[in-house]
Structures are given as structure tokens and as C-alpha cells.
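Q: The structure's right below; bear with me while I get my questions together.
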Amino acid sequence: MNDSERIREACAGRGLLLDDRQLSQLEEYARLLETKNRTINLVSRKEEAPLLVRHIFHSLLIGLFHPFRDDEKVLDIGTGGGLPGIPLAIAFPSARFLLIDSIGKKITACQQMIRTLGLRNVLVKKARAEELRGMTFDTVLSRQVAPLVTLCGYAEKLLKPSGTLLCLKGGDLEKEIQEALDAATAHNGFPSEVRTVPIEEFDGCFREKQIVIAGR
């Protein structure tokens, strides 16, 4: 069984069903990401695990614990090479994704990959989270971009009242979570609660990795 089939099986075990076209798109995205990463620093070049596992399946893990609804508006902060937004947009074609990053060449790379993949539910924009005005989202995503207290500050202004912040993070998060909760308590802000979901290992990957879920 190859990596993509094992990913399909792992996702199906938690209720996320990927068809042949979606698997093909995920594989093509891995190839595009690897090619562009040779000239633009989109993801770490030091990791031994395949991109399809280490980065793309890692991003899909969010969808195993948060099934995105039809027309759900999702913001991916600091998307880099399109992670976690592009894999999730492939897996949930009825949700709507906006990917932002402050580095223009990364946004250009994302635009090119999105066009090649034929994705119609994804937009990209060169911007910082604090620059967005007049926009609100059901869900905000982040993958190892900033401390949780910083991400919660962004999310407070960008999320709808019932919205959720979902982060992929690693290491000991106890202090980071407490800082975010203390800051929220100090000014009656976001979030009112934070929980974490440990991620099971996949061929030795994702040790001490967790999904952080913050909400009101």
C-alpha cells in the first residue's frame, strides 16, 4: 500500500472519505510543492518523511476533528506554501478558503499551484492578519506560525461570534495555552476555552504534535 492509499485509509477511519480525484489532487500538490520548494523556501528541506505525509497529511488531520461545512468561510493565516489550507480545500470542496501570507513570492507560488490543481474554492492574498478589514470567518487556521496568544489576538477580530481557531502545534503547550487564557481573561476577550487533541504517530511522524482548538 502506497502513502496516498494509507492516508485515504487513515482518513476514512475517522469519517473523512477521499475519492480518487481528491487523492490525485493531493499527490499532484505534493509534487508541485516539492518542485517549488527547490527555489522558494515553502517547507523545511531537512525532514526525511515524504511531503505527502509530513505536511499534507498533517494538514488533513484538522479535518478529521473538524469537518468543514458547506459554505464555511475559512482563513488560513501565514499559509506559506498553502498549508494547511490547500489540502483542506481539496478534502472539503464545498467550504471556502482564503489563504494569506505576508511574503509575495509564497503567495505567487500558491496561486500557481491552485490554478494547476483546478481548485475553485480557494483565494489567496498577500496580507498580514492584522491588515484584514471588514471580513469575518467561521474558522481561522494556523500551522506553527506564531504563539497562541498572538493567534488568539488575530482571531478575536476575525472570527464570527461562534467561530473557532484551529492550530497545528508541537511541544509542551501548557505555558502557551495559559498565556493565551490569561490574556483573554484580562480584557474579557478571546478565547474562553482551549482544548488540545493529541495526534497519533504516522510512521514515526507527529510525535508530540497536537491540534489546539480555541473558542468562545
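Q: Could you run through the stretch 81-106 and say how many residues are under 12 Å from ARG128 (Cα atoms) and assigned to a loop (DSSP other than H, G, I, E, B)?
A: Residues meeting the conditions: 2.
Q: So how many residues does the stretch 6-26 have that are over 23 Å from ILE114 (Cα atoms) and part of a helix (DSSP H, G or I)?
A: Of all residues in the stretch 6-26, those over 23 Å from ILE114 (Cα atoms) come to 6, 9-10, 12-15.
Within this subset, residues satisfying the condition of being part of a helix (DSSP H, G or I) are 6, 9-10, 12.
So the answer is 4.
Q: Can you spot a residue in the stretch 191-198 that is within 24 Å of LEU60 (Cβ to Cβ), in a loop (DSSP other than H, G, I, E, B), without any contact (Cβ under 8 Å) to a residue 24 or more places away in the chain and not β-branched (Val, Ile, Thr)?
A: No, the stretch 191-198 contains no residue that is within 24 Å of LEU60 (Cβ to Cβ), in a loop (DSSP other than H, G, I, E, B), without any contact (Cβ under 8 Å) to a residue 24 or more places away in the chain and not β-branched (Val, Ile, Thr).
Q: Of all residues in the stretch 31-78 being β-branched (Val, Ile, Thr) and touching a residue at least 60 places away in the same chain (Cβ under 8 Å), which is farthest from VAL212 (Cα to Cα)? Working first, answer last.
A: Of the residues in the stretch 31-78, the ones β-branched (Val, Ile, Thr) are 35, 39-40, 43, 53, 56, 62, 74, 77.
Filter again for touching a residue at least 60 places away in the same chain (Cβ under 8 Å), leaving 40, 53, 62, 74, 77.
Values: ILE40: 28, VAL53: 20, ILE62: 10, VAL74: 16, ILE77: 15 Å.
Ranking the candidates gives ILE40 first.
The rows are residues; the columns are (1) over 21 Å from ARG54 (Cα atoms); (2) buried (at least 18 other Cβ atoms within 10 Å of the Cβ).
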| site | (1), (2) |
| --- | --- |
| LEU141 | no, yes |
| ALA146 | no, no |
| VAL149 | yes, no |
| LEU165 | yes, yes |
| LYS175 | yes, no |
| GLU179 | yes, no |
| ARG216 | yes, no |
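Q: Could you please find all residues in the stretch 144-159 being over 12 Å from LEU75 (Cα atoms) and not in a helix (DSSP H, G or I)?
A: Across the stretch 144-159, the qualifying residues are GLN144, VAL145, ALA146, PRO147.
Q: Taking the condition of being among the β-branched types (Val, Ile, Thr) and either over 28 Å from PHE206 (Cα atoms) or without any contact (Cβ under 8 Å) to a residue 40 or more places away in the chain (or both), how many residues in the stretch 123-152 meet it? I'd like the intermediate steps shown before the answer.
A: Taking the stretch 123-152 and keeping what is among the β-branched types (Val, Ile, Thr), we get 124, 136, 139-140, 145, 149-150.
If we keep only those that are either over 28 Å from PHE206 (Cα atoms) or without any contact (Cβ under 8 Å) to a residue 40 or more places away in the chain (or both) too, we end up with 136, 149-150.
Looking only at that region, the number is 3.
Q: Within the stretch 107-129, count every residue that is closer than 23 Å to ILE211 by Cα and assigned to a helix (DSSP H, G or I).
A: Keep residues of the stretch 107-129 that are closer than 23 Å to ILE211 by Cα, which gives 122, 128-129.
Going one step further and asking which of them are assigned to a helix (DSSP H, G or I), we end up with 129.
Summing the residues that are closer than 23 Å to ILE211 by Cα and assigned to a helix (DSSP H, G or I) in the stretch 107-129 gives 1.
Every number in this text was worked out from the coordinates using simple rules, so none of it is lab data. This structure is a prediction, so every number in the text was calculated from the model and none was measured. Heads up, the Cβs are rebuilt from the backbone with ideal geometry, glycines too, and the neighbour counts pull from every protein chain shown.
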